[in-house]
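Some notes on the structure that comes next.
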Amino acid sequence: MTETIRAVLDTNIFFSATISRNPSSPTREVIERWKRGEFALVMCAQIAEEVAEKLEERDISPDTIESLVETFARFAEWVEVPSEKIESLLSDSDDNVVVACAVLGNAQYLVTYDPHFNTLGGEFRGIKIVKAIPFLEALRNRENKE
């Protein structure tokens, strides 16, 4: 059997999946595939906190937020991202945390819709920076090979 794909999902992936009304939204599918164990979600406290804050700002129900955070706690692979390990690569400091989490968590993918990441040219230290659909294609291709 092949090695499990490790991925960091940017806050906007969780946000999009939560607010989407489309049952076949790519971001929803990414989250469902994670919950089914099709890839390992690499998570850090800073990303989890930002997800909760962004959802709260959009008046997402506290129960929905709590459920998502509990799911992170139970099923994500947590890494600690100390401030001294966060490089100033991008203009948004929250984005730099996401990159650091991917590096420290040995992720193969960083999934985001944030255009700030475009300055990295689609890859950083061997980590592919992709949107939801290319990530889903990678998961499906892997699925078809097994």
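Name the single residue that is farthest from the chain's Cα centre (by Cα) among those in the stretch 118-146 being of a type in the set (V, I, T) and open to solvent by less than 60 Å² (accessible area, probe 1.4 Å).
Here the answer is I127.
Between a first residue in the stretch 63-82 that is surrounded by 14 or more Cβ atoms within 10 Å (Cβ to Cβ) and a second residue that is in a helix (DSSP H, G or I) and of a type in the set (S, T, N, Q), which pairs have beta carbons less than 9 Å apart while being 6 or more apart in sequence or on different chains?
Short answer, once both residue conditions are applied: I65/T18; L68/T18; V81/Q46.
Any residue that is farther than 22 Å from T119 by Cβ and part of a loop (DSSP other than H, G, I, E, B) - is there at least one of those in the stretch 60-73?
There is at least one residue in the stretch 60-73 that is farther than 22 Å from T119 by Cβ and part of a loop (DSSP other than H, G, I, E, B).
Mind checking whether some residue in the stretch 8-28 is over 23 Å from N118 (Cβ atoms) and of a type in the set (G, A, S)?
Checking the stretch 8-28: at least one residue is over 23 Å from N118 (Cβ atoms) and of a type in the set (G, A, S).
Inspect all residues belonging to the stretch 105-117 and state whether any of them is outside any loop (DSSP other than H, G, I, E, B), over 19 Å from N12 (Cα atoms) and open to solvent by 30 Å² or more (accessible area, probe 1.4 Å).
No, that holds for no residue.
Give me a count of the residues in the stretch 19-62 that are of a type outside the set (K, R) and open to solvent by 90 Å² or more (accessible area, probe 1.4 Å).
7
From I65, I127, I133, I86, which residue is under 17 Å from D10 (Cα atoms) and touching a strand residue (DSSP E or B) at 6+ places or on another chain (Cβ under 7 Å)?
Result: I127 is the single residue among I65, I127, I133, I86 that is under 17 Å from D10 (Cα atoms) and touching a strand residue (DSSP E or B) at 6+ places or on another chain (Cβ under 7 Å).
Given the criteria at pLDDT 95 or above and over 16 Å from A17 (Cα atoms), does I47 qualify?
No.
If L90 meets every condition in (1) at pLDDT 95 or above; (2) open to solvent by less than 70 Å² (accessible area, probe 1.4 Å) apart from one, which number is that one?
Against the list (1) at pLDDT 95 or above; (2) open to solvent by less than 70 Å² (accessible area, probe 1.4 Å), L90 comes up short only on (1).
The values are calculated or read from the model by the stated rules, or taken from the named source; none is laboratory data. Given the structure is predicted, the values throughout are model-derived calculations rather than measurements. Every residue, glycine among them, receives a Cβ derived from its backbone with ideal geometry; neighbour counts consider all protein chains shown. Accessible surface is based on the protein model in full, side chains and every heavy atom, while ligands, DNA and RNA are left aside. Shrake-Rupley method; radii C 1.70, N 1.55, O 1.52, S 1.80 Å.
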